[in-house]
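K.L.:
Below is a structure I'd like to ask you about.
Each value in this text was obtained by applying a stated rule to the coordinates, not by laboratory testing. Fair warning: this is a prediction, and the values are worked out from it, not measured in the lab. As a convention, Cβ positions derive from the backbone with ideal geometry for all residues, glycine included, and neighbour counts pool all protein chains shown.
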Amino acid sequence: MSSCKEEVELHFMAENLDKKDFLGKSDPFLKIYKENQEEEGKYTLVHTTEYIKKTLNPDWKPFVLQVRALCNGDYDRKLRIECWDHDFDGGHDLIGEFTTTLRALSRGRGPQNEYEVINHKKKDKRGSKYKNSGVVKCLDAKIQTMDTFLDYIQGGTQIHVAFAIDFTSSNGDPSDPSSLHYNSTDSPNLYASAIRAVGDVIQDYDSDKLFPAVGFGANVPPDFNISHQFSLNGKGEECEGIDGVIQAYYDALSRVQLHGPTCFAPSIDSIARQAQKRKDGKDYFILLILTDGVINDMPDTKQAIVEAAKLPMSIIIVGIGNEDFEALSAMIILDGDHKRVSFKGQVAERDIVQFVAFRDFLDPSRDNAINSQLLAKEVLAEIPEQFIGYMKSKHIFPNITRKLSDLKLKITQV
């Protein structure tokens with residue numbers, strides 16, 4: 001069994017594929033499946049390549065897969081690779097298929113990695129007259145050990161978490177029990193509950209447990225002018241632990257007047273300025289934005305995200321309340337899972353935003369511990385990948401010297 005920290009870069013081309021389109025060409029793409037571990041003959045789709053227009057001799061772009069995803073670390077697990085002709089109506093036509101293994105692919109370019117593409121229906125129909133529907137060649141299969149999020153943390157990279165909390169009037173009057181900011185001594189409101197739940201998940205990654213915490217969208221004393229970035233504790237100081245963030249939140253709630261508009265960009269820009277000064281891989285910043293979902297500075301926010309994507313930072317937006325967040329196109333756009341955020345034609349270098357609807361983890365039919373586990377999984381779902389994406393794009397590697405020193409220290413202490 002191979003290491004779960006391995007990845008493989010694969011590069012395929014094909015020759016003399018069958019003609020599937022009216023004008024005598026095809027638009028070929030590949031689908032790669034792995035055989036299920038305990039279900040022989042059943043397969044799970046792992047990867048689909050891009051399709052290449054109007055050719056019978058495609059050369060697909062190289063792509064990278066985790067060995068764990070490709071074959072569960074088993075070099076001898078059967079892989080089925082299908083070649084298809086793309087149709088815009090979704091009715092793709094199968095050109096043919098072949099089977100191989102990662103061990104075979106890893107032997108590299110040559111006759112041993114040239115595969116006849118077989119269309120079994122055609123073969124059954126034409127019998128001995130049928131030869132193949134083309135040939136697919138593996139031009140390269142580079143296997144290498146990939147660095148993990150934990151490698152960087154063990155190597156000394158510091159994680160810095162900051163909070164930005166929505167104090168706009170769309171959340172409701174804090175004196176009203178229906179308000180998301182309801183200020184009651186009996187039980188925590190939804191914002192305080194979210195700070196606690198999400199904070200408990202993320203705080204273990206923070207290096208010093210000191211959290212910058214700001215609010216936005218309120219009129220603040222002494223002049224009660226609108227502010228899109230004010231210190232929750234009123235001192236401009238970091239909060240000690242999640243308890244400190246919650247205390248500062250309630251202090252701010254009793255001190256400011258909820259207003260508007262809702263502007264994300266100032267909070268993003270503030271963290272980005274800090275990240276701009278520390279781009280050498282020793283620091284990474286995570287901004288938690290807690291909001292009821294309304295955004296009034298969408299162009300500025302998109303611009304801020306595009307710029308922030310160049311820096312060592314990620315953004316987690318936590319939706320508070322019962323708003324239909326899936327219907328809010330703003331949240332779908334910012335999340336960037338389907339299409340990266342862009343501004344005036346400039347596309348973000350990477351996806352750095354994760355959206356989480358807090359209400360999805362308040363299901364009374366589930367045990368609180370299960371809700372907490374599901375929340376933790378969702379909040380942290382994209383951080384490691386975003387983190388690694390930045391480090392790889394800047395060719396920054398873990399501090400191996402630090403890791404080895406720690407290992408030697410542990411050995412001497414045994």
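K.L.:
Need the list of aspartates and glutamates near K78 for cross-linking: C-alpha distance under 14 angstrom, and skip anything on the same chain fewer than eight residues off.
P.N.:
E35, E38, E39, E40, E97
K.L.:
Moving to a separate point now. Cross-link candidates for K344: which aspartates and glutamates have Cα within less than 17 Å, leaving aside residues fewer than 8 places away along the same chain?
P.N.:
Answer for K344, where 17 Å is the Cα cut-off: D297, D300, E307, listed by chain and number.
K.L.:
Continuing with the same structure: Would you please classify the overall shape of the chain from the alpha carbon gyration tensor, given that a ≥ b ≥ c denote the square roots of the eigenvalues, rounded means a/c under 1.5, and beyond that prolate means a/b larger than b/c while oblate covers the rest?
P.N.:
The shape class here is prolate.
K.L.:
Which of the listed residues, S393, N16, G90, is farthest toward the dipole's positive end in the chain, when Lys, Arg count +1 and Asp, Glu count -1 at the beta-carbon?
P.N.:
Selected residue: N16.
K.L.:
What does the C-alpha gyration tensor say about the overall shape of the stretch 150-393? Classify as rounded when a/c is under 1.5, otherwise prolate if a/b is larger than b/c, or oblate.
P.N.:
rounded
K.L.:
Just grab the label-to-label distance for S184 and S254, each label 7 Å out from Cα along the Cβ direction, in nm (one decimal).
P.N.:
1.8
K.L.:
Using all Cα-Cα distances in the stretch 331-403, what percent lands in each 10 angstrom bin from 0 up to the longest?
P.N.:
Going out from 0 Å in 10 Å bins, the stretch 331-403 shows 17, 34, 27, 18, 4 percent.
K.L.:
Follow-up question, since we're still on this one. How much net charge surrounds A304 when only the other residues with a Cβ under 10 Å from the Cβ of A304 are counted, with Lys and Arg +1 and Asp and Glu -1?
P.N.:
After counting each charged neighbour, the total is -3.
K.L.:
Also, quick follow-up: Once you've got the GNM for the chain with C-alpha springs shorter than 10 Å, pick whichever of D206, D176, D283 has the biggest mean-square fluctuation.
P.N.:
Result for the chain, Cα springs under 10 Å: D176 fluctuates most.
K.L.:
While we're on this one: Considering the dipole of the chain built from charges on the beta carbon (Lys and Arg +1, Asp and Glu -1) around the Cα centre, which of A213, S175, G281 is farthest to its positive end?
P.N.:
G281
K.L.:
Also, I was wondering about something else. Name the residue farthest towards the positive end of the dipole of the stretch 6-145 from the options F63, T48, N132, assuming +1 on Cβ of Lys and Arg, -1 on Cβ of Asp and Glu, about the Cα centre.
P.N.:
Checking the options against the dipole of the stretch 6-145, the answer is N132.
K.L.:
Next question, about the same structure. Calculate the dipole size of the stretch 150-393 relative to its Cα centre from +1 charges on Lys and Arg beta carbons and -1 charges on Asp and Glu beta carbons; express the result in debye to the nearest 20.
P.N.:
Dipole magnitude for the stretch 150-393 comes out near 800 debye.
K.L.:
Additional query: Suppose every K and R has +1 on its Cβ and every D and E has -1 on its Cβ; what is the size of the dipole of the stretch 6-145 about the Cα centre, in Debye to the nearest 20?
P.N.:
The calculated dipole for the stretch 6-145 is roughly 520 debye.
K.L.:
What distance in nm separates the two pseudo spin-label positions at Q276 and D140, each 7 Å out from Cα along the beta-carbon direction?
P.N.:
3.6
K.L.:
222 nm [θ] for the chain, helices only, -39500 (n - 2.57) per DSSP H run of 4+, per residue, to 500?
P.N.:
Mean residue ellipticity at 222 nm (helix-derived): -8000 deg cm²/dmol.
K.L.:
Further question on the same structure: Under 19 Å from a label point 7 Å along Cα→Cβ of L362: give me every residue in the stretch 154-186 with its amide N that close.
P.N.:
Under 19 Å, as judged by backbone N against the label point of L362, lie 164-186 of the stretch 154-186.
K.L.:
On to the next question. Relative contact order of the chain, please, whole-number percent, based on alpha carbon pairs below 8 angstrom and at least 6 residues apart.
P.N.:
Relative contact order for the chain comes out at 13 percent.
K.L.:
Another one. Could you compute the net charge surrounding E35? Neighbours are other residues with a C-beta less than 11 Å from the C-beta of E35; K and R count +1, D and E count -1.
P.N.:
Net local charge, E35 excluded: 0.
K.L.:
Where the only charges are on Cβ atoms (+1 Lys, Arg; -1 Asp, Glu), what is the dipole of the chain about its Cα centre, to the nearest 20 debye?
P.N.:
The calculation lands at about 2300 debye.
K.L.:
Rounded, prolate or oblate: which one fits the stretch 6-145, using the alpha carbon gyration tensor with axes a ≥ b ≥ c (rounded when a/c is under 1.5, else prolate when a/b beats b/c, else oblate)?
P.N.:
It comes out prolate by the Cα gyration axes.
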